[in-house]
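Have a look at the structure below before the remarks.
The values are calculated or read from the model by the stated rules, or taken from the named source; none is laboratory data. Bear in mind that the values here come from a model prediction, so they are computed numbers and not experimental data. For neighbour counting, all protein chains shown are included, and Cβ atoms are generated from backbone atoms with ideal geometry for every residue, glycine included. When the accessible area is computed, the model is the full protein with side chains, heavy atoms only, and any ligands, DNA or RNA have been set aside. Shrake-Rupley method; radii C 1.70, N 1.55, O 1.52, S 1.80 Å.
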Amino acid sequence: MRPEPGGCCCRRPLRANGCVKNGEVRNGYVKSSTATAAAAGQIHHVTENGGLYKRPFNEVFEETPMLVAVLTYVGYGVLTLFGYLRDFLRHWRIEKCHHATEREEQKDFVSLYQDFENFYTRNLYMRIRDNWNRPICSVPGARVDIMERQSHDYNWSFKYTGNIIKGVINMGSYNYLGFARNSGSCQEAAAEVLKEYGAGVCSTRQEIGNLDKHEELEKLVARFLGVEAAMTYGMGFATNSMNIPALVGKGCLILSDELNHASLVLGARLSGATIRIFKHNNMQSLEKLLKDAIVYGQPRTRRPWKKILILVEGIYSMEGSIVRLPEVIALKKKYKAYLYLDEAHSIGALGPSGRGVVDYFGLDPEDVDVMMGTFTKSFGASGGYIGGKKALIDYLRTHSHSAVYATSMSPPVMEQIITSMKCIMGQDGTNLGKECVQQLAENTRYFRRRLKEMGFIIYGNEDSPVVPLMLYMPAKIGAFGREMLKRNIGVVVVGFPATPIIESRARFCLSAAHTKEILDTALKEIDEVGDLLQLKYSRRRLVPLLDRPFDETTYEETED
């Protein structure tokens, strides 16, 4: 089980461990009496935290039941043993070998594949490969059409039957505000731009690929974010991986959340800066690293770091958690560090006006040095952006590999972003954007509440539209995905190595396009599959105890 984030930047009288006396606030939690907790039905996080938070911040990561954890390890052990047995049978030609092998003339070469990775792919991943890469043949809206396929060689290859599975409820796409559609104002505007500009630019921004649409989009993004300037890129992943190396390098320190996205991890590694990892959303862990960085400086030389850059995400896409941004900003100011905020999943999906996690907490955008986000989710398009001070954007225009070498964003894609963003801002003369933001928030709270009532273990913040439902055991990963598809519901299932080995899960993504009827249908089927596969693991409430160091986990458990 991942430790619950703790720590606070309280301004009230503190005890030695940094927590408020008399049991009011305990490592960032409110602990009420047993009677009060029973009446409330849940344990809330601290809602004020020394004035930093202006709204309740409720986030739960329930402990993995011991028996489930043991059985999960046993399941992986059995799969591994059978994998070695099957490899033995393949070696002696008893079982047909499907995996990729080197040519005979290359047998003395160093192996192209790492042994365990190849072993895992052959014997574990292939068993449930049919749950991924399912081809859809429609708009990724509230419902999708999926091309039916079959495998006759245990998922090593697939053949399409020619049938289409119609009207599958889509619980997997990042279509948070419902703008991924083939009708309406966005589609009409994109079609007009396609007629006028064509599909591609065929040049970089610095050469002859800078259109008036690029300038219009960047001004609109800056206005939407409330920053001085912004720059857009054709790929969200490259926005992180190619811009971080332009901002920091050798002699700099990156403090990265342990659950940051692969694009942030890659960008940090490519930068050449020293990287240190802090526990997920744990402010005590982050502050300890900041203190050590200031006190000890660089290894060996003890010189001060040139820059200290904190990397966090708005919504963590595997956990459903929301960054503790008020506390991160307080620490960043206290220790004079820089903050890089990735709002890929939170922009459009959080905040009263859909402006992301900064809007959600009611903070000043100027307190975030680098605001990054993507257009691939809430805006139903592709690409990414960086927002901040004009000096920062001017620097990135000449130093970012994504800006200098990458082809410019496609004109119809830009128009999709412009039209949807204006809709969210209310500049289209309607309330559609505001209604979509409100509908997503309502859908999120309703869906999460119902799943918890059913007895599932659900991770993350109650306002996060990313909803992880814990499966744990390897056999249940494939079983859950297949059973849901049988019931005409498309879901995303995730396992090791994308998650810790005992924390396999299904990940639901809510959308403003989901009606209550659609959600009720999905919940009914999830409830049935949960009973069929025995997935309702939640049996107790967790009350974090008072004196818990940042690297330890202690719980007081009460039975339901």
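Which of the residues belonging to region 339-353 are more than 17 Å from the chain's Cα centre (by Cα) and open to solvent by less than 10 Å² (accessible area, probe 1.4 Å)?
The answer is Leu339, and nothing else.
List pairs: first residue in region 76-91 and over 19 Å from Phe496 (Cα atoms), second residue modelled with pLDDT under 90 and open to solvent by less than 90 Å² (accessible area, probe 1.4 Å) anywhere in the structure, Cβ distance under 7 angstrom, at least six positions apart or on different chains.
If the second residue must be modelled with pLDDT under 90 and open to solvent by less than 90 Å² (accessible area, probe 1.4 Å), the pairs left are Arg86/Glu95; Arg86/Asn123; Leu89/Glu95; Arg90/Cys97.
Could you list, in sequence order, all residues of region 299-338 that are β-branched (Val, Ile, Thr) and either open to solvent by less than 20 Å² (accessible area, probe 1.4 Å) or touching a helix residue (DSSP H, G or I) at 6+ places or on another chain (Cβ under 6 Å) (or both)?
Within region 299-338, Ile308, Ile310, Val312, Ile315, Ile322, Val323, Val328, Ile329 meet the criteria.
Please indicate, with yes or no, whether at least one residue in region 413-420 is in a loop (DSSP other than H, G, I, E, B), within 18 Å of Arg223 (Cβ to Cβ) and at pLDDT 95 or above.
no
Restricting attention to region 167-187, report how many residues are out of contact with any helix residue (DSSP H, G or I) (no Cβ under 7 Å at 6 or more places or on another chain) and either in a helix (DSSP H, G or I) or surrounded by 18 or more Cβ atoms within 10 Å (Cβ to Cβ) (or both).
Adding up the residues that qualify gives 8.
Please pick out the residue among Ile208, Ile164 that is over 30 Å from Gln438 (Cα atoms), in contact with a strand residue (DSSP E or B) (Cβ under 7 Å, 6 or more places away or on another chain), without any contact (Cβ under 8 Å) to a residue 40 or more places away in the chain and outside any helix (DSSP H, G or I).
Ile164
Return the residues of region 500-537 that are buried (at least 18 other Cβ atoms within 10 Å of the Cβ) and of a type in the set (S, T, N, Q); say none if nothing qualifies.
Hits for region 500-537 are Ser504, Ser511.
Given the conditions (1) closer than 29 Å to Gly348 by Cβ; (2) open to solvent by less than 60 Å² (accessible area, probe 1.4 Å), which single one is not true for Leu253?
Answer for Leu253: the failing condition is (1).
All but one of (1) in contact with a strand residue (DSSP E or B) (Cβ under 7 Å, 6 or more places away or on another chain); (2) at pLDDT below 95 hold for Leu311; which doesn't?
Of the numbered conditions (1) in contact with a strand residue (DSSP E or B) (Cβ under 7 Å, 6 or more places away or on another chain); (2) at pLDDT below 95, the odd one out for Leu311 is (2).
Any idea which residue in region 298-344 is farthest from Phe224 (Cα to Cα), counting only those that are of a type in the set (Lys, Arg) and part of a loop (DSSP other than H, G, I, E, B)?
The selected residue is Arg300.
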